[in-house]
1. Nothing charged except the Cβ atoms of Lys and Arg (+1) and of Asp and Glu (-1): what's the magnitude of the dipole of the range A:45-140 about its Cα centre? Round to the nearest 20 debye.
2. Taking R0 as 41 Å, what's the FRET efficiency between A:Asn301 and A:Tyr30 from their Cβ-Cβ distance, rounded to 0.05?
3. I'd like to know which of A:Leu459, A:Thr423, A:Val476 lies farthest towards the positive end of the charge dipole of the range A:378-485, counting +1 on Cβ of Lys and Arg and -1 on Cβ of Asp and Glu.
4. Using a probe radius of 1.4 Å on protein heavy atoms only, what is the accessible area buried between chains B and A, both sides summed, to the nearest 100 Å²?
5. Toward the positive end of the charge dipole of chain A, about the Cα centre and with charges on Cβ (Lys, Arg +1; Asp, Glu -1), which of A:Phe104, A:Met251, A:Val285 goes farthest?
6. Tell me, what HN-Hα J-couplings in whole Hz come from the Karplus equation 6.51 cos²θ - 1.76 cosθ + 1.60 at θ = phi - 60° for each residue of the range A:182-187, using x for Gly and Pro?
7. Multiplying the sequence separation of B:Val194 and B:Thr244 by 0.36 nm and subtracting their Cα-Cα distance, what value in nm do you get?
8. Which percent of the accessible area of the range A:329-482 is formed by carbon and sulfur heavy atoms (probe 1.4 angstrom)?
2 protein chains.
Amino acid sequence: MKFSLIINVLTILLLIIAAFMLIPAGIALYYGETASLWAFIIPILILLPFAALSYFSTQKKRDKTLSPRDGFLLVTLAWVSASALGAFPFYLSGAIPAYTDAYFETMSGFTTTGASILTAIEGLPYSILFWRSLTHWLGGMGIVVLTVAVFPLLGIGGMQLLKAEAPGPSVDKITPKITQTAKILWLIYLGLTVIETLLLTAGGMNLFDSLTHTFGTMATGGFSVKNASVGHYDSAWVDWVITTFMILAGMNFILYFKLLTGKIRDILVDTEMKAYLTIFLAASVAITFSLVNNGVYQSFNEGLRYAAFQVASILTTTGYATTDFDLWPAFAKIVLFLMMFIGGSAGSTGGGIKVVRIVTLFKLAGRELKRFIHPRGVFHLRLNHQVLRNDIISVITGFVFLYMVALLATTVVVAFGGYDILTSFSTALVTVGNIGPGFSRVGPTMNYAFFQGWIKWFLSFAMLLGRLEIYTVLVVLTPWFWKKN
Amino acid sequence: MKFSLIINVLTILLLIIAAFMLIPAGIALYYGETASLWAFIIPILILLPFAALSYFSTQKKRDKTLSPRDGFLLVTLAWVSASALGAFPFYLSGAIPAYTDAYFETMSGFTTTGASILTAIEGLPYSILFWRSLTHWLGGMGIVVLTVAVFPLLGIGGMQLLKAEAPGPSVDKITPKITQTAKILWLIYLGLTVIETLLLTAGGMNLFDSLTHTFGTMATGGFSVKNASVGHYDSAWVDWVITTFMILAGMNFILYFKLLTGKIRDILVDTEMKAYLTIFLAASVAITFSLVNNGVYQSFNEGLRYAAFQVASILTTTGYATTDFDLWPAFAKIVLFLMMFIGGSAGSTGGGIKVVRIVTLFKLAGRELKRFIHPRGVFHLRLNHQVLRNDIISVITGFVFLYMVALLATTVVVAFGGYDILTSFSTALVTVGNIGPGFSRVGPTMNYAFFQGWIKWFLSFAMLLGRLEIYTVLVVLTPWFWKKN
């Protein structure tokens, strides 16, 4: 394990985050929020000497190749330490008096979950609210780069097809490729952010609200600056803009890259995208009928507006709400419950199991059924016209199983705190799945403040586990990882 | 497809069931239950000419080899037609006035589920209650023979290891083996039934109650002749006897065969058995502490008695209750909820996913974690010292995925009837898993009478799906099955 190199990279990462903290610091200065201003400045000032020390003490190392093993540790520690640093402004400003709560909120931000311990959001300083939404945006960007450029090298994620193209696990070799890919992804992400912000302001939303909600949308995060979430604006324009951009953020960013380079045909054959959009449309229409039939909304159009928003929000694991869906008819709620098991696309900012994995398992199950009828037949699984290798299928099935185990384990831990089955199970679904709001005591009008401290720490871990595709974190926790060989 | 041969075998099966209906008919005669007596005799009388006709019209066929494809159809139709016939006594006697309800109750019996639509059990005629419990016992026996002797030939079930030993899919070749295996299994099943009945009578239970509860135990069914289920007797002796025999019924019957032939070492290395007993003990102790800490019971011993009974009942998918566990503390309930995802051992009368499949998936997930650390390593999955072939792993992972899909699909169907998430999801868990009682509106003191007719038909299908290891039924429903090739 190259600990000094890992510390080196982590230091750079923390410095980048500190640099981004200067933006809310500027906002604090502008609005005269003195306590918040210091809450941003102090952690930066404390970080700097340590960063300098660790940077220069590890600088002399010549060997700059990271093994996959180093990669797992680095990625896990990146989220853990970013949250530890990012929690300080909340804590020091007094916006969130307990560090446990501040850490939970920040981990929820960087993992783009959107589960909040805040009971009243609207009274908080602008700088603090901005920072809260910015953690989403940074976390979302981090995840796109990670899943598209880094995870395939580690063999993780729904996009192992790319693994064959990757040149190998040496940083020297992959750096140019990662840097180049990351730069393009960054521009796409930034471009979509600018467009959504403009569209929201065009609908009459002020710049601050537009920016923060765009951060929450593009990262499929879900933090809002309003107590009533997006429902606060009660605007069909706002709802449809955010619905559209949640769906866009839940798509594989590689597709935008292909769009820019004119590979339209590649996009049209993309199995995951077709399944993702089909699920979105089918679930939206099903819920619309349930809502209109039960008299929750009077017209199909109005029902569709709320249904499509909520389906997009849950399917992409964003977690915004325009109404209290926990009060919807049983069938509408069950469809949302189903969406919680799916998640966004691979290579998007969305969390959850991911559509591509579910498609793969359906294909696997279909193949097994066919094999019972033709026991001597040979059936390959194909995705986007490419044959899926057996080892990739194993990684995917192992993932989905571990995801289920993580769900049930989180359910048990929450229940140990004394909560009912529905609260415990839906808390597990929406933290491991990085969604945010669930049902019952974690419903869309509720928050996570009431949980015991140790449950909040465990849920922070559950959010991290889900966000880093389970394997990354679990690998680091196995005894094999720490054995010298 | 050899339809005439399939009809031939089905006819024999229905005649066997009709023969067993003579036992409750005798009980009806003894107790002077005239309406019930006719309710058993009439279906037999109607069946006989049809049986004779179909038997002789198909008798001339010389080709007696059944393909695996014929096997899938035969097994599925066996449960469907046995339930159709077995429902008549309930319906004709007036014990269950609607045929939909009678069919549900009978399918619940033959699939050893134990979900009941009866609101008051104790007022029913002895003959009807005996027949109700006998459907469990017959269904349990059918499942043991099926999973140990027939499914391996079809490539289904957790016991594909046996497939290699099987001589091939021709009835002529396999008949001696199946007949021989079936005979031994029958004797083991009968022997355990006799011992449990004797032990229950020794505890002061009358012969009728002892026999019917033994049927429900050995089949891991769960139908009781008392409204309060086993809790009615309020006897530690009865509770511990039934706990022990539920656990015995949830073990692989091959192990008893090995015990009889002195292969003790084979039993001791059995991974599934060790995991199964470990789960039972760990869950029992965890629930005991939860019950005692929350003051539900005063002593560890008393808590253990209720905890062990309920864990055995849910884990083995029996469904008996000695108390209303839906009123237990949150943590105790969640542990039971977890047990609902596991099920008994392969080759037992228990339903659910089965311990061996869950063990396999844990091993698979562990291997994937290891492979991230040693990407060039080759790791074989082993079970009982034997390497698991890749195609067997695929069958297992496909199974678990389809099981989850079946759970969620059943949840959606039930919710469509207007029921809450917990009722819908736990109804799915306990019907697909062949358990019986769940939580909320299908809790242990509740019943299934309130569901709409179409939901009862769907749940009958869900019980069948789970009982026949998903694949058997699904294969028959695919278009590939009906294509000529």
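The values are calculated or read from the model by the stated rules, or taken from the named source; none is laboratory data. Not measured: the values here are computed from a predicted model. A quick note on method: Cβ atoms are made from the backbone with ideal geometry, for glycine too, and the neighbour counts reach across all protein chains shown. Protein only, heavy atoms only, side chains kept; ligands, DNA and RNA dropped before computing areas. Shrake-Rupley method; radii C 1.70, N 1.55, O 1.52, S 1.80 Å.
1. Numbers: 6 positive and 5 negative charges, 113 e Å.
With Lys and Arg at +1 and Asp and Glu at -1, about 540 debye.
2. The computed FRET efficiency comes out at 0.50.
3. It is A:Val476, whose Cα lies furthest towards the positive end.
4. Heavy-atom accessible area buried at this interface is about 4800 Å².
5. Of the options given, the answer is A:Met251.
6. 4, 5, 5, 4, 4, 5
7. Once the chain is fully extended between B:Val194 and B:Thr244, it gains 16.6 nm.
8. 65
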